[in-house]
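Student: Before I ask anything, here is the structure I am working with.
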Amino acid sequence: MKDIEVDEFFMEKAICLARNGVGKVNPNPLVGAVIVKNSKIIAEGYHKKYGDFHAERDAIFNYLKENGGDREGLNGATMYVTLTPCCHWGKQPPCTDAIIENKISRVVIGSRDPNPLVGEKSIKILEDAGIEVKRDCLKEECDRLNDVFFKYIQKKQPYVVMKYAMTADGKIATKTNESKWITGEGALKYVHTLRNKYKGIMVGINTVLVDDPMLNCRLEAEDITEVRNPIRIICDSKLRIPMDSNIVKTANQYPTIIATAFSEFENGEINIDKIKNSKELKEVDEETLNKIFELRFRGIILINAVKSNSNLKSKSKIKVDLKTLMSFLGEIGIDGILLEGGATLNEDALKSEVVDEIICFIAPKIFGGKAKSPVEGLGISKIEEAYKLSLKNLEKLGGDVMIGYKVCKK
Ligand code: AOF
Ligand code: ZN
């Protein structure tokens, strides 16, 4: 093998290790590391849990544990790590210190860390200590591990993945609105791995009214070591959610947020004592107030998210402003969201430019007729006005096809 192939071979291994942290490290990055000496892997590590050892320290720790604390064997070794090692004190001490102290002589890095606390500083620290540094090894593959982290660390906004399943003629339901089980088992199982991966799952109130979903993660123990349920976020501008819906009934089991859009409330978590104009209580009537009390009593977080200076004449038409909502969700640590529709919310999300990625499943079926497509609303007239996507990946899942797209930013 040529040198470059050797480096890529070991980086590939570090990438596989990083994936073990899916669903457990948010909002921190997925990172994997291997330590190689004389063309042999002598230690492996990855970031296992938020706040825990970074991948680099995990690999060094594993080596020392195996070798009775004798660090001599690390002298002259190469570390392959999927992200620039950190050089700051956070929940963990700087990884650059651990690399230098343990006399690792070469570091091969995949992604560049956009965290302003890390950046180029780490490279200089390592090089000044006489360590050879190589960058951008399998950079694209390494970057793909951390789409969520990269957006969140720079914008403090969640990375949003719109997911839908449709027939070969582009329908997400039949003409009578039946929409369950369009795709086969492989695709369904994959959706549950996505629910495990992203911190939040979001739907519109219509989906709750029509499907009465649970929005939890239903993976079997054999699929995964530890199942993590996403935080459920319901966009429900006028608080129409039925008290006997599965979402409300299971709020004590799964964390739930409902986003509303009442002009009388301030943006952010609803504070009943802080109604802007209490003399003009029109929308927020006695019944709504009681509902708010009861939902909060059941542990549901209620967030009001309206566009500031919203100059709509009819208050009842004000709806959840997704940009405002995303900022709030980012502030409370939600770094990634799986948007599971429906078609109206999908359109709103695209229009509001909050969507980063689309995962589209196509089932080998045709429904025909007047039935919903994944993105409803008014649509566009001219092809140039289309939302532009770029193809990310394409896979076969049983009889279904899964296509991943990145949404091109305007
Ligand atoms: C991780 N795991 O394996 C690496 C990270 O608060 P801390 O100390 O956990 O630091 C988090 C930052 O450290 C993170 O934003 C990223 O820039 C850097 N590297 N973080 O959680 C890891 N290598
Ligand atoms: Zn670190």
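Read the figures in this text as sums done on the coordinates, not as results from a lab. The structure displayed is predicted, hence computed values, not measured ones. As a convention, Cβ positions derive from the backbone with ideal geometry for all residues, glycine included, and neighbour counts pool all protein chains shown.
Student: Between residue 297 and residue 38, what length comes free when the chain is fully extended (0.36 nm per residue of separation minus the Cα-Cα distance, one decimal in nm)?
Tutor: Stretched fully, the residue 297-residue 38 segment lengthens by 87.1 nm.
Student: Still on this structure: Using the beta-carbon distance between residue 174 and residue 5 and R0 = 56 Å, what value does 1/(1 + (r/R0)^6) give for FRET efficiency, to the nearest 0.05?
Tutor: 0.60
Student: Between residue 124 and residue 390, what length in nm is gained on full extension when 0.36 nm per residue of separation is reduced by their alpha carbon distance?
Tutor: Details: separation 266, 0.36 × 266 = 95.76 nm, distance 3.53 nm.
Between residue 124 and residue 390, full extension yields an extra 92.2 nm.
Student: Separate question: What residues have an amide H closer than 5 Å to that of residue 339, excluding those fewer than 5 places away on the same chain, when H is modeled at 1.01 Å from N in the peptide plane?
Tutor: Answer set, sorted by chain and number: 161, 162, 163, 202.
Student: Turning to a different aspect of this structure: Is segment 43-121 rounded, prolate or oblate when judged by the Cα gyration tensor, a ≥ b ≥ c being the square roots of its eigenvalues, rounded requiring a/c under 1.5 and prolate requiring a/b larger than b/c?
Tutor: Numbers: a/c = 1.88, a/b = 1.45, b/c = 1.30.
Judged from the Cα gyration tensor, segment 43-121 comes out prolate (a/c at least 1.5, a/b above b/c).
Student: Among 263, 179, 111, whose mean-square fluctuation peaks in a Gaussian network model of the chain (Cα, cutoff 10 Å)?
Tutor: In the Gaussian network model the winner is 179.
Student: Moving on. Please work out the C-alpha center-to-center distance from segment 201-273 to segment 1-55 and express it in whole Å.
Tutor: One Cα centre to the other: 35 Å.
Student: Roughly how many nanometres apart are two label points built 7 Å out from the Cα toward the Cβ at residue 273 and residue 289?
Tutor: 1.5 nm
Student: Please state, rounded to one decimal and in Å, the Kirkwood hydrodynamic radius that segment 91-163 gives when every pair of distinct Cα atoms enters the mean of 1/r.
Tutor: 13.8 Å
Student: Another one. Here is the link list: 103/156; 171/197; 319/388; 156/238; 91/180; 139/163. Which ones come out longer than 32 Å on Cα distance?
Tutor: 103/156; 91/180
Student: Could you list which residues have their amide H under 5 Å from that of residue 107, counting only those 5 or more apart in sequence or on another chain, with H placed in the peptide plane?
Tutor: 79, 132, 133, 134
Student: Fully extended, how many nm does the chain gain between residue 12 and residue 133 (0.36 nm per residue separation, minus their Cα-Cα distance)?
Tutor: 41.8 nm
Student: Calculate the FRET efficiency for residue 410 and residue 50 from the Cβ-Cβ distance with a Förster distance of 35 Å, rounded to the nearest 0.05.
Tutor: Details: r = 33 Å, r/R0 = 0.94.
Once rounded, the FRET efficiency stands at 0.60.
Student: Follow-up question, since we're still on this one. Per DSSP helix of 4 or more residues, -39500 (n - 2.57); summed, then divided by the residues of the chain. What does that give at 222 nm, rounded to the nearest 500?
Tutor: The helix-only estimate for the chain comes to -8000 deg cm²/dmol at 222 nm.
Student: Which three lengths, in whole Å and largest first, does segment 140-251 cover when its Cα atoms are put on their principal axes?
Tutor: Sorted largest first, the three principal extents are 44, 34, 31 Å.
Student: Something else: Once you have the alpha carbon radius of gyration of the chain, what is it after dividing by 2.2 N^0.38 Å, with N set to its residue count?
Tutor: 1.12
Student: Another question about this same structure. Calculate the translational D of segment 3-150 in whole µm² s⁻¹ from Stokes-Einstein, where the hydrodynamic radius comes from the Kirkwood formula applied to all Cα pairs, the temperature is 25 °C and the viscosity 0.890 mPa s.
Tutor: It diffuses with D of about 166 µm²/s by this estimate.
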